[in-house]
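No lab work stands behind these numbers, since they all come straight from the coordinates. All of these numbers come straight from a predicted model, not from anything done at the bench.
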Amino acid sequence: MSKVISAPKRFHVKKDDEVEVISGSHRGKKGKILQVLTGKSRVIIEGVAMMKKASRPTQTNPKGGIDEKEGTIHISNVRVTKPAASKQTSKK
């Protein structure tokens, strides 16, 4: 039987926050959060944890090649340095 681990409903970071990696092999790197994966408790940070992925030739890219994109980092390994601007609504 496989165990289902439930993720918390809220996290200390959100999309567009400026964060710093505080643990792991990417320690000390800073960037903006592109996406929060709530089910897996991971984040994708711009320019951090870059990984290479091979792509097949297509009509738009006839040669194919190797693309570089951001990987994920566990949410507990990041610290907010500059929160995203929150949308404030005015009460009438």
HN-Hα couplings for region 68-73 via Karplus (6.51, -1.76, 1.60; θ = phi - 60°), in whole Hz with x for Gly/Pro, come out as 10, 9, 6, x, 9, 10
Stretch M51-K3 to full length: gain in nm at 0.36 nm per residue minus the Cα-Cα span?
14.4 nm
If N is the number of residues in region 18-82, what value comes out of its Cα radius of gyration divided by 2.2 N^0.38 Å?
1.33
Extension gain I66-K29, at 0.36 nm per residue separation less the Cα-Cα distance, in nm?
10.9 nm
